[in-house]
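Read the structure below first, then the notes.
The values are calculated or read from the model by the stated rules, or taken from the named source; none is laboratory data. Every value quoted in this text rests on a predicted model; they were computed, and no experiment measured them. No Cβ is skipped: glycine too gets one built from the backbone with ideal geometry, and neighbour counts run over all protein chains shown.
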Amino acid sequence: MRDYPPLVTAWTDRSAVASDPTVPDTRSPGRLLWWFIRNQGLLFVVCALLSLTWVLPGATAPWILGRAVDEGIVPGDTARLGVWVLALLAVTVVGAGSGVLYHTMVVRSWLVALYGTVSLVTHKSVQLGHVLPRRVPTGEVLSVSGSDSDQFGAFLEIVTRAIGEFIALVVVAVIVLRIDPELGAVILLVAPLLVLTSAPLLRPMGNAQTRERTRDSELTGRATDIVAGLRILRGIGGERTFGSNYAVQSQRVRHAGVRAGGWQALVESIGVLLSGLFVVALMWLGVARVRDGQLQIGELITFLGYALFLLQPIRTFFFLTQKATRAFVSARKSASVLGQPDPWPQDREGRLDPSGPLVDQASGLWVEPGELTVVVSADPDASAALADRLGRYLPRDVDPLSMDSDEDARGRAATAARRRAEEQRRTIQERDREQADRAWGVTLGGVDLADVPLEEVRRTILVSDTAAAVFAGTLQDAVDPHGRCTREQAEAALRAACAEDVYDITPGGWQGLLDERGRGLSGGQRQRLVLARALAHDPEVLVLVEPTSAVDAHTEAAIAERLGRHRLGRTTVVMSASPLLLHHADRVVFLSDGAVADRGTHDDLVARRPDYRRVVLRAASEEVPA
Amino acid sequence: MTTGPTLDLATMSPQDPLADSAQTWRGDRTPPEVLPRELAQVDRDAPARVRWRALWRRHAIRRDRAEQTLASALEPVRGLPVARPRDVAGFLGGLLRERAWLVTAVVLANALAAAAALAVPLILGRLVDAAVAADGDVAGDTIRTLTLVVVGIVLAQTLFTFAAKWLAAVLGHGALAAAREHVIRTVLRLPLGRVESASTGDLVTRVTRDVGAMSDSVRFAIPEFILAVVTVALSFVAMAVNSWLLALPALVLMLVALPHVARYLRRAPAAYVTEGATYSRINTTLSETVEGARTVEALDLQDVRRRRAADDIAVSAQAERYGMTLRNLLFGVMDMAFSLPRVIVLALGAWAYSRGAVSLGQVTAAMLYMEMFYEPFDRLVMTVDRLQVGIASTTRLLGIAAVPPDRTAGTDRPHGSELVGTDLRFAYRPGHDVLHGVDLALRTGERLAIVGPSGSGKSTLGRLLAGINGPRTGSVTVGGVELLDLPLSTLRREVALVTQEHHVFRGSVRDNVILAREGSDDEAVRTALRTVDALAWVETLPEGLDTLLGAGNYVLTPAQAQQIALARLILADPHTLVLDEATSLIDPRTARHLEGSMSALLTGRTVVAIAHRLHTAHDADRIAVVSDGRIVELGSHDELMAANGEYAALWRAWTS
């Protein structure tokens, strides 16, 4: 039987996708939910059975009690009474034992779904890599793991409970219809009606709760906003303005909350009224039938007991529809994330030869192997796009639409927005596949990057861009995440990137812990740490985008000198317009309007090209005049 | 080509920072196990007795881990402090005392609703008695009377239930609004030095997740708690009224169960806090993976990230197993304690009935009470559970107020605007001074650039000059008065640190600009906007100054956001500005458009620029080169070039 944490292998091996049972069925939300149930296997069946044995005492106790009264207590038959007391004891012990077992199994089932979803999202994210943010907004990916995963657990629980209670309901129906068909029919028909009667009130209550949630998330937004801008608020002022803005919104949330609370009170008190009147009606009818001699006193007690019991399974079915709706919404979002295919063709088998030149056809860039080439461009976007091409990264030209703007939004506008987002994602998917399939236009040693497996490109060419992330963990892991470096190599990389101060300020040295995203380091420290990591990775071809943009001139000068020495004899391309770096370049390429305009040493270009001088000089003058 | 200057940081620092590298480097790179062996490996083939014992051994290990997590959550090594649970009790008590009449009304309405609900079984019992007495042939009058009484009771119960729930919502939301507004007020009072040094992550977690947890407990748990206590207490009363004999089994078994419940409640907070911590760890790891998806791909870190997620899940699973076992222990006891009485009551009732001690109606009522009793008691336990989680979060929220103030305002006010620093030393960690006796007097109206390698202390010097932190020794005075002795409102008009974080607040354009002088009229706001060339585009906005900005509202371009930030400073109008380029990654594309706005701000003010770029230094009146906590060169560009020192070497490398 499945247990948690579940083993998930989906998308870890590109070739084994079709045969892996942990790959979910994302063709539609319904199929995904069905996959979750199938994926649970025996565990699901066990949960359903245990939920039945758990509710069975409640379903049979009124009947046993009635028999005990009629056959034991009233006639004074101690033996019969003993039988029924033992029967009650038996179902009670089974029920209590099942409670613990059901809880154990349902937690297991819930967590298999929850942890499984987290793993699937993780695997999908690392499989797609830079393609992921083209397809799905980051927040949506995180919400699949953070909240939808929980919905699936809740869905599985309510389904198993509904199955158990449905069977219990059938048992009760048989019992009451056998005792008194007419009265039994009344109970079985009226109980569901009672629960349904409160249904019309559920919509205004739901609306009020949605309003409260919307206002509350706006309030949380304001709190986060205040914290994010706290330096400004405490440094310059404005505490009163934003404190009172927050208070105003807080009061709006309070009003919405009180109103939603009012609706909820109404729904609950009407529930009390209806079930109370139900008991009254049963009492009236039951006593009348006792008077007619059609019902024994114990049987009356049985009916009264069922009047209380029956409301429970019906409430469960009610929850089932609610939670199934929510699970369906979650499944739609999850299917859209987990169903994103990887665009890269699987049939390429070539190899790259890093001893040859790196050539970009679009710009005319020609990088000699083993040299340090610095690319200068008036437009930083052009050099960033060039770096993306050199590494076979799809261009950053799309921002995907979100599908989960508001979970509770219904109606035509929301449906249309969702359809638009789905449509757009499909278009991007197709375009990605088409781009990934044709010749790329960048060659290394004469081989187009599209003619080799993507893994081969990643292995050979490392592009370290300005958005490169730092991950939580030890400093050693941050510099050498694969554990391939010797200490001397890691030290050399740290020194070449002038990042020794990061080592110094991290208590515990190499084993010192960095916070998530390198929070707590300054921008310059993070940038130098990223550089150190790229150097320690020691790729055949290294492409660095603006590696010193957040570093002060003193340190930049030192990096410029050490970088060339560290990469001596390896192909290195740096996108930068900093004169300190340009001095140390073997070759400088000057990019104008995205195409190579000139090449030479820094001194040559300074001497012969006024437009180059302007770009390099502007890089220096482009600062806040002080 | 001129060779670049050899500025080797290793030789500039007194000692090599990597000196102890060999001691901290881990040569064995097999990934460390995240779980102790006993938790990670379960022997499923062992005999049942061995496995049973191993289960409890694992439970004990998990408990220790959970208790440790709770202890470290309550006493964080880093970040903001945490209040004591006693303070929370006082705080919540205060919230309820302020609403004493409402609390009374909630208790009363709940008591009446519960009493009504509990009266129904009694009457049904009477009815059974009447039926037995008349041998089935109950008098029409009796039925009518009893039916009407039940109808009356049901109507009363309906009304009281509505009142109880609605008043509880009024109480809960009122108390919650007061509590969160209190928290935000304390956040807005955090000492300036603390705000500038601490990362905001901890605070964000507190104002989002902890406020959420507190909200759950204040909104739901407190009213539910009141309801459950009232119902449980009244249930006993009702059962005793019905028949004290038949109430005994429930009472006895509940007393037997109570120690277990108490133990559960003692243990549960650690389990919940630990579970919560593991989930936020899972989320953090995943958001790093998703946001850094490209880096993961570039560096071939797929396996590393998948393994990290699996590790997080493994740790989380252990926390869940602990919580599950705790709940199972509780459920086992409670299920028995609350369902066995019905068997006993039946047997006992039959025996007592045969002796004429109780009527059949009393037995019926007692049996109905048994079925009704479990739910409120179960709810009582669960709400205490939630209350405890809420209290843990509230300790973190109230902890924000425990940050000691970093300055006390004196009564002296500055005469003049000369900013003078003398013999400045400062340490972030005791015994590690980053400034070693710096003297610096600003000339009114000058532009002073501070340059130096990272870690040299130039940013710290800037923070001392701006009055963010106080020096360990020495003093920074403006017009003869210590900066730290000025109230913040005065300090802000003397000197401001410009980090150029172009944060745009959620609020109107006006709200975003008038920060420093709240209550300024629209004309002042317009003038400030006009000075930075922003008025033209602000006036084209749909609602002018009232246009809402910030997340989810009108989106500004980076350049516009910067102009808003500059307009704030124009309105604040301090005579001295400290600009820190290190924290301002100015987008080169917007900087070009902002030159005019920026120079409008700087005109007529004393400016200290902590410069990254040498061009900034070149344009300044004086340049201070800071190295290793000391000013090693000070003078104009030309003077420093003539001195042919460090600055001159750097400049030649830059411009040649």
Worksheet item: Among the numbered criteria (1) within 10 Å of another protein chain (Cβ to nearest Cβ); (2) in contact with a helix residue (DSSP H, G or I) (Cβ under 6 Å, 6 or more places away or on another chain); (3) touching a residue at least 40 places away in the same chain (Cβ under 8 Å), which single criterion is violated by B:ILE153?
Response: (3)
Worksheet item: Can you name every residue in the range A:263-273 that is touching a Leu at 6+ places or on another chain (Cβ under 8 Å) and either more than 9 Å from every other protein chain (Cβ to nearest Cβ) or β-branched (Val, Ile, Thr) (or both)?
Response: A:TRP263, A:VAL267, A:ILE270
Discussion item. Anything in the range B:481-536 that is within 30 Å of B:ASP406 (Cα to Cα) and of a type in the set (Val, Ile, Thr)? List them, or say none.
Written reply: B:VAL481, B:THR490, B:VAL495, B:VAL498, B:THR499, B:VAL504, B:VAL513, B:ILE514
Worksheet item: Just to be sure, is A:LEU475 surrounded by 19 or more Cβ atoms within 10 Å (Cβ to Cβ) and more than 9 Å from chain B (Cβ to nearest Cβ)?
Response: no
Item to complete: Exactly one condition in (1) more than 9 Å from chain B (Cβ to nearest Cβ); (2) touching a residue at least 60 places away in the same chain (Cβ under 8 Å) is not met by A:LEU462; state its number.
Response: (1)
Worksheet, complete the sentence: Taking the range A:135-183 and keeping residues under 30 Å from A:LEU295 (Cβ atoms), free of Cβ contacts under 8 Å to residues at least 60 places away in the same chain and hydrophobic (A, V, I, L, M, F, W, C) leaves A:VAL170, A:ALA173, A:VAL174, A:LEU177
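Quick check on the range B:498-508. Is at least one of its residues aromatic (Phe, Trp, Tyr) and more than 15 Å from A:GLU239 (Cα to Cα)? Give the steps one after another, and end with the answer.
Just the residues of the range B:498-508 that are aromatic (Phe, Trp, Tyr), to begin with: B:505.
Next cut, more than 15 Å from A:GLU239 (Cα to Cα) only: none.
No; the residues of the range B:498-508 include none that is aromatic (Phe, Trp, Tyr) and more than 15 Å from A:GLU239 (Cα to Cα).
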Item to complete: May I ask you to list the residues in the range A:508-540 that are under 27 Å from the mean Cα position of the chain (by Cα) and within 19 Å of B:ASP20 (Cα to Cα)?
Response: A:LEU513, A:LEU514
Discussion item. Within the range A:148-253, considering only helices (runs of 4 or more DSSP H) that don't extend past its boundaries, which have at least 3 residues that are away from chain B (no Cβ under 14 Å)?
Written reply: A:149-179, A:181-197, A:199-228
Item to complete: Identify, by number, the condition in (1) in the same structural domain as B:ALA164 (by TED's automatic domain parsing); (2) outside any helix (DSSP H, G or I) that B:ALA46 doesn't meet.
Response: (1)
Response to the item:
By residue number, the members of the range A:510-524 that are facing chain B (nearest Cβ under 7 Å) and at pLDDT 90 or above are A:TRP510, A:GLN511
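Out of the range A:152-179, which residues are charged (D, E, K, R) and touching a Gly at 6+ places or on another chain (Cβ under 9 Å)? Give the steps one after another, and end with the answer.
Looking only at the range A:152-179, we keep the residues that are charged (D, E, K, R), and these are A:157, A:161, A:165, A:178.
Listed by number, the list holds a single entry, A:ARG178.
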Worksheet item: Of the residues that sit in the range A:548-565 and are touching an Asp or Glu at 6+ places or on another chain (Cβ under 9 Å) and not in a helix (DSSP H, G or I), which one is farthest from A:LEU494 (Cα to Cα)?
Response: A:ASP552
Discussion item. Which condition from (1) surrounded by fewer than 17 Cβ atoms within 10 Å (Cβ to Cβ); (2) more than 18 Å from A:LEU177 (Cα to Cα) is the one that A:TRP263 breaks?
Written reply: (1)
Discussion item. Looking at (1) assigned to a helix (DSSP H, G or I); (2) surrounded by fewer than 23 Cβ atoms within 10 Å (Cβ to Cβ); (3) of a type in the set (A, V, I, L, M, F, W, C), which one does B:ALA617 not meet, given that it meets all the others?
Written reply: (2)
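Could you please find all residues in the range A:430-457 being free of Cβ contacts under 8 Å to residues at least 40 places away in the same chain and either more than 23 Å from A:ARG135 (Cβ to Cβ) or within 14 Å of chain B (Cβ to nearest Cβ) (or both)? Before the answer, list the steps.
To start, the set of residues in the range A:430-457 that are free of Cβ contacts under 8 Å to residues at least 40 places away in the same chain comprises A:430-431, A:434, A:438-439, A:448, A:455.
Matches in the range A:430-457: A:ALA439, A:ASP448, A:GLU455.
Is it fair to say A:GLU546 is at the interface with another protein chain (Cβ under 7 Å from one of its Cβ atoms) and at pLDDT 85 or above? Lay out the reasoning, then the answer.
On the way: at the interface with another protein chain (Cβ under 7 Å from one of its Cβ atoms): no; at pLDDT 85 or above: yes.
So A:GLU546 does not fit the description; no.
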Worksheet item: (1) within 12 Å of another protein chain (Cβ to nearest Cβ); (2) farther than 29 Å from A:THR486 by Cβ; (3) not in a strand (DSSP E or B): which one isn't true of A:TYR612, the others all being true?
Response: (1)
Discussion item. Looking at B:ILE184, B:ILE143, can you tell me which residue is without any contact (Cβ under 8 Å) to a residue 60 or more places away in the chain, within 8 Å of chain A (Cβ to nearest Cβ), within 30 Å of A:ASP225 (Cβ to Cβ) and not small (Gly, Ala, Ser)?
Written reply: B:ILE184
Practice prompt. Could you pull out the residue among A:GLY350, A:GLY391 that is in contact (Cβ under 8 Å) with a residue 24 or more places away in the chain, under 14 Å from A:VAL457 (Cβ atoms) and either buried (at least 23 other Cβ atoms within 10 Å of the Cβ) or within 14 Å of chain B (Cβ to nearest Cβ) (or both)?
Written response: A:GLY391
Discussion item. Under 24 Å from the mean Cα position of the chain (by Cα) and over 20 Å from A:LYS333 (Cα atoms): is that true of A:ASP432 in this structure?
Written reply: yes
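Take A:GLU540 and tell me if it is farther than 19 Å from A:LEU581 by Cβ and in contact (Cβ under 8 Å) with a residue 60 or more places away in the chain.
Details: farther than 19 Å from A:LEU581 by Cβ: yes; in contact (Cβ under 8 Å) with a residue 60 or more places away in the chain: yes.
So A:GLU540 passes the test.
Mind telling me which of the residues A:LEU120, A:LEU111, A:LEU81 ends up being among the aliphatic types (A, V, I, L, M), more than 9 Å from every other protein chain (Cβ to nearest Cβ) and assigned to a helix (DSSP H, G or I)? Talk me through it step by step, then tell me what you get.
Working: A:LEU111 fails: more than 9 Å from every other protein chain (Cβ to nearest Cβ); A:LEU81 fails: more than 9 Å from every other protein chain (Cβ to nearest Cβ).
Unique residue meeting the criteria: A:LEU120.
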Item to complete: Name the one entry in B:ALA611, B:ALA642, B:ALA648 that is touching a residue at least 40 places away in the same chain (Cβ under 8 Å) and either in the same structural domain as B:GLY452 (by TED's automatic domain parsing) or buried (at least 17 other Cβ atoms within 10 Å of the Cβ) (or both).
Response: B:ALA611
Discussion item. Here's a check for you: in the range B:363-380, which residue that is in contact (Cβ under 8 Å) with a residue 24 or more places away in the chain and within 41 Å of the chain's Cα centre (by Cα) is surrounded by the most Cβ atoms within 10 Å (Cβ to Cβ)?
Written reply: B:PHE373
Worksheet item: For the range A:424-483, what are the residues that are under 30 Å from A:ARG528 (Cα atoms) and β-branched (Val, Ile, Thr)?
Response: A:VAL442, A:THR443, A:VAL457, A:THR460, A:ILE461, A:VAL463, A:THR466, A:VAL470, A:THR474, A:VAL479
Item to complete: Name the one entry in B:GLY172, B:GLY79, B:GLY90 that is over 30 Å from B:LEU368 (Cβ atoms), more than 12 Å from every other protein chain (Cβ to nearest Cβ) and small (Gly, Ala, Ser).
Response: B:GLY90
Worksheet item: Tell me, which residue of the range A:485-496 that is surrounded by fewer than 23 Cβ atoms within 10 Å (Cβ to Cβ) and facing another protein chain (nearest Cβ under 8 Å) is nearest to A:LEU544 (Cα to Cα)?
Response: A:ARG495
Worksheet item: Does any residue of the range A:497-504 turn out to be more than 10 Å from every other protein chain (Cβ to nearest Cβ) and surrounded by 18 or more Cβ atoms within 10 Å (Cβ to Cβ)?
Response: yes
